[in-house]
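Undergrad: Structure below; questions to follow.
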Amino acid sequence: MLKVNDLHVYYGGIHALKGVHLSVEQGQIVTLIGANGAGKSTTLRTIVGLERPRTGTVLFNSEDLTKLDTHRIIQRGIGISPEGRKVFPNLTVMENLELGAYHQSQKDAAVQMEWVYTLFPRLRERSRQLTGTLSGGEQQMVALGRALMSRPKLVLLDEPSLGLAPLVVEEVFRTIQTTNEQGATILLVEQNAMAALHVAHYAYVLETGRVILEGPGKTLLADERVRQAYLGE
Ligand SMILES: Nc1ncnc2c1ncn2[C@@H]1O[C@H](COP(=O)(O)OP(=O)(O)O)[C@@H](O)[C@H]1O
Ligand SMILES: [Mg+2]
């Protein structure tokens, strides 16, 4: 479904991505893990056209996205939940969700919102509450729900567990798994390597702009180098 080849991205003189590759097959959860500054967000931002690569390709169902505008890329069927959630605290839950469906007909948006509410019953209960008054975990569900409102075939999640308490992290990861079981393909960026590797079918380890290791989630969980560098053992 998604195939990223030899991506090089610069911020001025900073060479942030030095030949990143990754693939996501339909139906999978694929995770990209790595320390702060490794280039995880840059990879996601490049996929949706918010950064432009100097070289490399991003193929989505065989079409190269690197020349398309972000709104076209979203229309092709990619949803993104950005780092730091970026929900609007002074809008209600429902209004935040509606923002994720801006290019759809009202009818399609209503169908999609019903699906999001089925996935997250708590958001239905809180639909008229101001988003800023929700807990961190609930706000993360709003961010994920908003990404799902565009009927994406592929969902990009940038550090959904950031800043959340351990029990809430578990809940968010369960939600990600349920979303996947309901048919969404997911590319999950995380610093929480342990939780991400547990849910991922396949994983890539990014270090200073390069993929240094890849394999099935369970295989990397057992890998000595991963355990030392990312699981604190
Ligand atoms: N807007 C920017 N301008 C300059 N450098 C940036 C910018 N965004 C990210 N970088 C740099 O690019 C590298 C990768 O950053 P990022 O993709 O945010 O990493 P991660 O998401 O893995 O923490 C880091 O060295 C970071 O400082
Ligand atoms: Mg980041």
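The values are calculated or read from the model by the stated rules, or taken from the named source; none is laboratory data. All values derive from a computational prediction rather than experimental measurement. Ideal geometry is used to build each Cβ from the backbone, glycine not excepted, and the neighbour counts take in all protein chains shown.
Undergrad: Scan (1) within 14 Å of ligand 1 (Cβ to nearest atom); (2) in contact with a strand residue (DSSP E or B) (Cβ under 7 Å, 6 or more places away or on another chain) for the single condition H21 breaks and write down its number.
TA: Result: H21 fails condition (1) only.
Undergrad: Shifting gears a bit: Taking the range 159-180 on its own, how many of its residues are within 24 Å of T42 (Cα to Cα) and among the charged types (D, E, K, R)?
TA: 1
Undergrad: Would you call S23 hydroxyl-bearing (S, T, Y), within 13 Å of ligand 2 (Cβ to nearest atom) and modelled with pLDDT of 95 or more? Full working, then the answer.
TA: Numbers: hydroxyl-bearing (S, T, Y): yes; within 13 Å of ligand 2 (Cβ to nearest atom): no; modelled with pLDDT of 95 or more: yes.
In short, no.
Undergrad: Among the candidates L97, L17, L44, L50, single out the residue that is in contact (Cβ under 8 Å) with a residue 12 or more places away in the chain and farther than 27 Å from W115 by Cβ. Steps first, please.
TA: On the way: L97 fails: farther than 27 Å from W115 by Cβ; L44 fails: farther than 27 Å from W115 by Cβ; L50 fails: farther than 27 Å from W115 by Cβ.
Residue meeting the stated conditions: L17.
Undergrad: Which of the residues belonging to the range 131-165 are closer than 26 Å to A110 by Cβ, free of Cβ contacts under 8 Å to residues at least 60 places away in the same chain and not β-branched (V, I, T)?
TA: Once the filter is applied, which keeps residues that are closer than 26 Å to A110 by Cβ, free of Cβ contacts under 8 Å to residues at least 60 places away in the same chain and not β-branched (V, I, T), the range 131-165 yields G132, L134, G137, E138, Q139, Q140, M141, G145.
Undergrad: Quick check: is even one residue across the range 104-127 in contact with a Ser or Thr (Cβ under 8 Å, 6 or more places away or on another chain), exposed (fewer than 13 other Cβ atoms within 10 Å of the Cβ), free of Cβ contacts under 8 Å to residues at least 60 places away in the same chain and not small (G, A, S)?
TA: So far as the range 104-127 goes, no, none of its residues is in contact with a Ser or Thr (Cβ under 8 Å, 6 or more places away or on another chain), exposed (fewer than 13 other Cβ atoms within 10 Å of the Cβ), free of Cβ contacts under 8 Å to residues at least 60 places away in the same chain and not small (G, A, S).
Undergrad: Could you tell me which residue of the range 129-175 is nearest to P89 (Cα to Cα), considering only residues that are of a type in the set (V, I, T) and within 17 Å of the chain's Cα centre (by Cα)?
TA: Applying the filter and picking the extreme gives V142.
Undergrad: Could you run through the range 136-178 and say how many residues are in contact with a helix residue (DSSP H, G or I) (Cβ under 7 Å, 6 or more places away or on another chain) and either among the aromatic types (F, W, Y) or more than 16 Å from ligand 2 (Cβ to nearest atom) (or both)?
TA: Of the residues in that region, 23 qualify.
Undergrad: Oh, and also: Limited to the range 196-232, what total is found for residues that are in a strand (DSSP E or B), within 16 Å of ligand 2 (Cβ to nearest atom) and touching a helix residue (DSSP H, G or I) at 6+ places or on another chain (Cβ under 7 Å)?
TA: 2
Undergrad: Is it the case that some residue within the range 134-151 is assigned to a loop (DSSP other than H, G, I, E, B) and within 15 Å of ligand 1 (Cβ to nearest atom)?
TA: Within the range 134-151 (the criterion being assigned to a loop (DSSP other than H, G, I, E, B) and within 15 Å of ligand 1 (Cβ to nearest atom)), the answer is no, since none of the residues qualifies.
Undergrad: Tell me which of these L154 doesn't satisfy, since it passes every other one: (1) over 24 Å from R76 (Cα atoms); (2) in contact with a Gly (Cβ under 7 Å, 6 or more places away or on another chain); (3) away from ligand 1 (no atom under 16 Å from the Cβ).
TA: L154 satisfies all of (1) over 24 Å from R76 (Cα atoms); (2) in contact with a Gly (Cβ under 7 Å, 6 or more places away or on another chain); (3) away from ligand 1 (no atom under 16 Å from the Cβ) except (1).
Residue-wise test of (1) in contact with a Cys (Cβ under 9 Å, 6 or more places away or on another chain); (2) of a type in the set (A, V, I, L, M); (3) free of Cβ contacts under 8 Å to residues at least 24 places away in the same chain; (4) part of a loop (DSSP other than H, G, I, E, B).
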| position | (1), (2), (3), (4) |
| --- | --- |
| L167 | no, yes, yes, no |
| E171 | no, no, no, no |
| T175 | no, no, no, no |
| M194 | no, yes, no, no |
